[in-house]
Amino acid sequence: MIVFIGSVFSPYYAWSGKRDPLNHVAVNVALYGNPGRWAMTERGRKRAQQRETGFFVSNSGIERTAEGFRIQVDERCMPIPRRLSGEILIKPDALTPRAFAIDTKGEHHWRPLAPSTPVEVRMSAPALNWNGTGYLDMNWGTVPLEATFSHWDWMRVDLGNGHSAIYYETEELSGQGKRLALKCAPNGAVEECAPSVRHDLPRTLWRVKRSGWSDGDGPTVRRTLEDTPFYVRTELDADLFGARRTAIQESLSLRRFNNTVVKLMLPFRMPRLP
C-alpha cells in the first residue's frame, strides 16, 4: 500500500503543472495471489484529510496509534470495479530515525521507518486475514522525480528476528547517482554494510530493465508482481548473508514514465474523482 500526496505517478498532477499537491492525492493498494485486487483512484483537495496523527484520502489512510500505525482501506478496484476494504496494523518495536538522500543534490530523501515489523492484515472485501512481517517507509522531494532520475532499483530482504537488509541504487539524468547498502536492526539502528553484487534480471513483458543483489549465484525470479510500462515489482531469491533468501525488488524507469504515450495510458488504471 502507498499513500500519495502530490501523486508522483499521476498524469493529472503532471498536466496541472504540479502546483497543488493536496489536490492530487491517492491511495494505492495491491493484493497478490487469489483473489487478487488492485486499486488507485486519485482524488482532489476536498477528499484530503490532514489530522494530527495521520492522513486520509476519502475513507482510506494511515494514522499513528499507541502500538504503531493503523491503515484503513476503502477503495474501488480498476479496471474491474470491485470493492477493496479492510485494515492493516503495523506494530514496530522501534522506528528508524535516519533519512537518506537518494540523489546527489539532496532534493530527494527516503526514510526506512520500520524496515522489518510485525503486520496484521484484516480484509473484509475480499475476506482475507493473515499475520506476518512487513515494511514501512516514506519518500519525499522538492522537485519531480522525472526531473532528477532516469532509473532506480531497490530491494529488501528479511533476515529474521527483526533484522533486514536494503539495497538502493539510483541513476540520475546527469549520469550520477547514489548507492546504498544497509543493514537494519529491530531497535531502529541502521548501518551501512558491504555491498553485494548487482545482477541484471530478465526484462519484463514491457521490457523494463531490472536488477537485484546477490552474493555468489545471481538472483532468480520467483514472481513478477507488477509489470507496467515504467514500474516493476518482483519477488526473487538471492544469496545474502550466508543463506538463500526471498526478497522484494522494485525498478522504476522515469524516462519511460515521462513519455507522453505512457501518461495517456495511466487513466485507464488510475481514474480521478473530485
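Averaged per residue, what accessible surface does the chain expose to a 1.4 Å probe, in Å²?
Computed with neighbouring chains in place, this is 49 Å² per residue.
With a cut-off of 19 Å, note down the residues of region 14-58 whose backbone N falls inside the zone around a label point 7 Å from the Cα of ARG269 toward its beta carbon.
Counting only backbone N, you get 14-15, 25-43.
Mind telling me which of GLU75, GLU52, GLU250 comes out most flexible in a GNM of the chain, alpha-carbon contacts under 10 Å?
Largest GNM mean-square fluctuation: GLU52.
Quick one: putting +1 on the C-beta of Lys and Arg, -1 on the C-beta of Asp and Glu, what dipole do you get for the chain around its Cα centre, in Debye to the nearest 20?
Result for the chain is approximately 1000 debye, rounded to the nearest 20.
Measure of size requested: the Rg and Dmax of region 132-194, with Cα atoms as the atom set and Å as the unit; please supply both.
Just the Cα atoms of region 132-194 yield Rg and Dmax of 13.8, 40 Å.
Take the eigenvalues of the Cα gyration tensor for region 1-138, scale each by 5, and report the square roots as semi-axes in whole Å, largest first.
Values for region 1-138, descending: 23, 22, 14 Å.
Any chance you could check the Cα centroid distance between region 1-66 and region 172-193 for me, in angstrom?
26
Just how many % of Cα pairs in region 61-170 lie over 24 Å apart, if you round to the nearest whole percent?
41
Report the percentage of all Cα-Cα pairs in region 153-274 whose separation exceeds 23 Å, rounded to a whole percent.
38
Cβ under 13 Å from ILE88's Cβ, ILE88 left aside: what net charge do those residues give with Lys, Arg +1 and Asp, Glu -1?
-3
Give the carbon-plus-sulfur fraction of the accessible surface of region 1-73 in %, rounded to a whole number; probe 1.4 Å, heavy atoms of protein chains only.
Roughly 46 percent of what the probe reaches on region 1-73 is carbon or sulfur.
Give the carbon-plus-sulfur fraction of the accessible surface of region 195-274 in %, rounded to a whole number; probe 1.4 Å, heavy atoms of protein chains only.
Carbon plus sulfur share of accessible area: 55 percent.
Among rounded, prolate and oblate, which fits region 85-138 when a ≥ b ≥ c are the square roots of the eigenvalues of its C-alpha gyration tensor, a/c under 1.5 means rounded, and a/b larger than b/c means prolate?
Prolate is the answer for region 85-138, as a/c is 1.5 or above and a/b outweighs b/c.
Could you rank the peptides 251-258, 125-132 by their average count of other C-beta atoms within 10 Å per residue, with the highest value first?
251-258, 125-132
Hey, what number do you get for the chain at 222 nm if only DSSP H runs of n ≥ 4 count, each worth -39500 (n - 2.57), divided across all residues, to the nearest 500?
That comes out to -1000 deg cm²/dmol.
Describe numerically, in nm with one decimal, the distance between label points set 7 Å from Cα along Cα→Cβ at PHE241 and at GLN50.
3.7
How do the peptides 167-173, 42-48, 186-192 rank, highest first, by the average count of neighbouring beta carbon atoms within 10 Å per residue?
Descending mean neighbour count gives 167-173, 42-48, 186-192.
Tell me the Kirkwood hydrodynamic radius of the chain in angstroms, computed as one over the mean inverse distance between distinct C-alpha pairs.
19.5
Which residue, GLY33, GLY162, GLY106, tops the fluctuation ranking in a GNM of the chain built on C-alpha contacts under 10 Å?
GLY33
Find the eigenvalues of the gyration tensor of the Cα atoms of region 121-167, then list the square roots of 5 times those eigenvalues as equivalent ellipsoid semi-axes, largest first, in whole angstrom.
30, 19, 9
Under 8 Å for C-alpha pairs, at least 6 residues apart: give me the relative contact order for region 206-274, rounded to a whole percent.
26
Could you tell me which of SER214, PRO274, VAL73 has its Cα farthest along the dipole of the chain towards the positive end, charges placed at Cβ (Lys, Arg +1; Asp, Glu -1), taken about the Cα centre?
The residue sitting farthest along the positive end of the dipole is PRO274.
Starting at the first residue of region 230-243, write each ³J(HN,Hα) from the Karplus equation 6.51 cos²θ - 1.76 cosθ + 1.60 with θ = phi - 60°, in whole Hz, x for Gly and Pro.
9, 9, 9, 10, 9, 9, 9, 10, 8, 7, 9, 6, x, 8
Would you work out the relative contact order for region 92-172, in percent, from Cα pairs under 8 angstrom that are 6 or more residues apart?
RCO, region 92-172: 25 percent.
Taking K and R as +1 and D and E as -1, what net charge do the other residues with C-beta under 14 Å from the C-beta of ARG179 add up to?
-4
What is region 57-125 by shape, rounded, prolate or oblate, if you read a ≥ b ≥ c off the alpha carbon gyration tensor as root eigenvalues and call it rounded for a/c under 1.5, prolate for a/b larger than b/c, and oblate otherwise?
Oblate, because a/c is 1.5 or more while a/b does not exceed b/c.
For region 1-79, what D do you get in µm² per second when you plug the Kirkwood radius from alpha-carbon pairs into Stokes-Einstein at 25 °C and 0.890 mPa s?
186
The values are calculated or read from the model by the stated rules, or taken from the named source; none is laboratory data. Treat the numbers as computed from the prediction; the structure is a model and nothing was measured. With ideal geometry, Cβ positions are generated from the backbone for all residues, glycine too; neighbour counts draw on all protein chains shown. We work out accessible area using only protein heavy atoms, side chains counted, and drop any ligands, DNA or RNA first. Shrake-Rupley method; radii C 1.70, N 1.55, O 1.52, S 1.80 Å.
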